[in-house]
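All of the numbers you see were taken from the coordinates with simple rules; none came from a lab. Computed from a prediction, not measured in an experiment: that's the story for all the values here. Backbone-built Cβ (ideal geometry, glycine too); neighbour counts: all protein chains shown.
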Amino acid sequence: MTEVTVIGGGIIGVCTALALQREGVSTLLIERGPIGGEATFGNCALMALSEIVPLAKPGVMKKLPGWILNPEGPLAIRPGHLPTALPWLLKFLRNARPHRVAQICHGLGMLTAHAQEDFDEVIEVAQIENIWAENEVLYLYDKKEQYLADRFSWQLRADEGYHATELEGGALAGVESDVDTDGKFGLIAHGWRSFTDPQRLTRELAQHFTRLGGEILNAEVSYIESAASRPKCVHFTDGAQRDIDKLVIAAGCWAGQLLKDIGIRIPLAPLHGYHTDIADSGVSLSRPVLYASGGFVNTPVESGLRIAGTVEIAPLDPEPNFRRAEVLVEKAKRSLFPGLKHTHGSQWIGARPFMPDTLPVIGPAPGVDNTWLAVGHGQLGITMGPTTGKLVSAMITGRSPAVDLAPYRADRSYV
Ligand SMILES: Cc1cc2nc3c(=O)[nH]c(=O)nc-3n(C[C@H](O)[C@H](O)[C@H](O)COP(=O)(O)OP(=O)(O)OC[C@H]3O[C@@H](n4cnc5c(N)ncnc54)[C@H](O)[C@@H]3O)c2cc1C
């Protein structure tokens, strides 16, 4: 029997399977759809080292009513979904207090600190070519006052060792020739990388896993059966089943039902985002542009210019509201790219697996001795994939993990 079964073939599950395999553990990866076909498919494609400041921060309470009432604003709640989302939302807001925000930044920073090295390792072993650019990222504010009002966030990043270079006037004007920087204020954040295609990255890592003898099963787990309080078998929607020895649940936003099967509840919510990929956009960027005043990101990817972001709190697997993607493109044309040739492109919705304290869950399943969780990576799953994989594999193989995992325990207080 395979020693470890991993459920979920997004960036987190694939990196976990690969890390286990590299430790000599026989591993089965189960994915119901294409590898990297969900949240991992269409994100902003960034190894976003210093993007550690949570959305819930001081001041969010004042902004929330305006956001909720504006269906085209940066954060929206689907009409009718508020009562279901409320318990999660209250926890999320309680995490916006300054001391919590500092703890959360530190918790995320401890993980992103390993991202460069851990990524280098997997890219090298899997020999993936042309997958990233060693990139700085340009943050843009419409006005310097907006940046000054956001100094709290920049101080938190600096406290974790992430510094940025401020740019304005003539110095900013020359940085990206296709971007309207008139009157704006910019910062360059260093050490980031942008991927040309995060799904290809994940698929190629998965291919490497199979080349080395790992098994990938294309099937949907419908139910985890336990005996003597530990999972012993996974059942599939086609009626088949498979015995398991050790289990890792890395099923992104869909982990909740599987966790219920083994008696575990964690406050995991899908925070949906959108993108439009515009081929032949007429805009050439040498680095990603994070439009801080608009709350979205513009990344050059294989399929063109990707304009992505926004947060929509809605049920799992909702009907997409692609108006949210269109709003981003309209804002981008109006405020950033006067030369944008087209406003149409391929649109996508994806769900960030989000905990109310923005920290992932990486650790043993409470009270179950053969199961580990790797879920809830929120806005930073691509960045943290290889690091999470190594941490989970260290726990399973009995080595001491490179990071103190206490802040990411499943049985922590989510506030
Ligand atoms: C708009 C947007 C922009 C983002 N930008 C960035 C960014 O620039 N940088 C960054 O680091 N992160 C970013 N993120 C976040 C990142 O995309 C996610 O954190 C990450 O992809 C989560 O990976 P995952 O493997 O946990 O989940 P997923 O990629 O969703 O993978 C989970 C997998 O589990 C499978 N699965 C679920 N249930 C079952 C089952 N029962 N049986 C079998 N398989 C199952 C699913 O099919 C899926 O493939 C962004 C997200 C969004 C939405």
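For the reader, a short list of remarks on this structure follows.
- Listed values for the stretch 73-87 are Karplus-derived 3J(HN,Hα) couplings in whole Hz (6.51 cos²θ - 1.76 cosθ + 1.60, θ = phi - 60°), namely x, x, 9, 10, 10, 4, x, x, 8, 4, x, 5, 7, 4, x, and x replaces Gly and Pro.
- Taking Cβ atoms as reference points and 14 Å as the exclusive limit, the residues near Arg78 contribute a net charge of -2, counting Lys and Arg as +1 and Asp and Glu as -1.
- Amide H contacts under 5 Å for Thr5: Leu28, Asp245, Lys246, Leu247, Val248, restricted to partners 5 or more places along the chain or on a different chain, H placed in the peptide plane at 1.01 Å from N.
- Gyration tensor verdict on the stretch 74-147 (Cα atoms; rounded if a/c is under 1.5, prolate if a/b is larger than b/c, oblate otherwise): prolate
- Rounded to the nearest Hz, the phi-derived 3J(HN,Hα) couplings of the stretch 356-371 under the Karplus curve 6.51 cos²θ - 1.76 cosθ + 1.60 (θ = phi - 60°) are x, 9, 6, 8, x, 9, 9, x, x, 6, x, x, 10, 8, 10, 9, where x marks glycine and proline.
- Calculated [222 nm] ellipticity per residue, helices only, for the chain: -10000 deg cm²/dmol; basis is -39500 (n - 2.57) per DSSP H run with n ≥ 4, divided by all residues, nearest 500.
- Residues of type lysines that Lys143 reaches as a straight line, Cα spacing below 20 Å, ignoring anything fewer than 8 places off in the same chain: Lys63, Lys184, Lys331, Lys333
- Angle in degrees between helix 60-69 and the longest Cα principal axis of the chain, rounded to the nearest 10: 90
- Computed P(r) (all Cα pairs; the stretch 82-214; 5 Å bins; percent): 2, 8, 13, 13, 14, 14, 15, 12, 7, 2, 1, 0
- Crossing angle, helix 98-112 versus the chain [Cα axis fit, 0-90 degrees, rounded to tens]: 70
- Each residue of the stretch 332-348 is assigned a 3J(HN,Hα), and the resulting list reads 4, 5, 5, 9, 10, 10, x, x, 4, 6, 10, 10, 10, x, 7, 9, 8 Hz, derived from the Karplus form 6.51 cos²θ - 1.76 cosθ + 1.60 (θ = phi - 60°), x at Gly and Pro.
- Placing unit charges on the Cβ atoms only, positive for Lys and Arg and negative for Asp and Glu, gives the stretch 247-325 a dipole magnitude near 260 debye about its Cα centre.
- With the alpha-carbon atoms of the chain aligned to their principal axes, the span from lowest to highest coordinate is 65, 45, 40 Å, starting with the largest.
- Helix axis angle, 198-211 relative to the chain longest principal axis, alpha carbon, degrees: 30
- Gap separating the Cα centres of the stretch 305-336 and the stretch 258-297, nearest whole Å: 9
- Placing +1 on each Lys and Arg Cβ and -1 on each Asp and Glu Cβ, with no other charges, gives the chain a dipole about its Cα centre of roughly 1300 debye.
- Distance from the stretch 19-82 to the stretch 148-222 (C-alpha centre basis), Å: 14
- Label zone at Ile188, where the point sits 7 Å out along the Cα-to-Cβ direction: the stretch 284-326 residues whose backbone N lies under 13 Å: 286-288
- For Ser222, the residues 5 or more places off, or on other chains, whose built amide H falls under 5 Å of its own are His235, Phe236, Thr237.
- Residues Cys44, Cys253 arranged by fewest to most Cβ contacts within 10 Å: Cys253, Cys44
- When only Cα pairs below 8 angstrom with a gap of at least 6 residues are kept, the stretch 163-256 shows a relative contact order of 15 percent.
- Taking the fewest neighbouring Cβ atoms within 10 Å as the starting point, the ordered list for Ser226, Ser393 is Ser226, Ser393.
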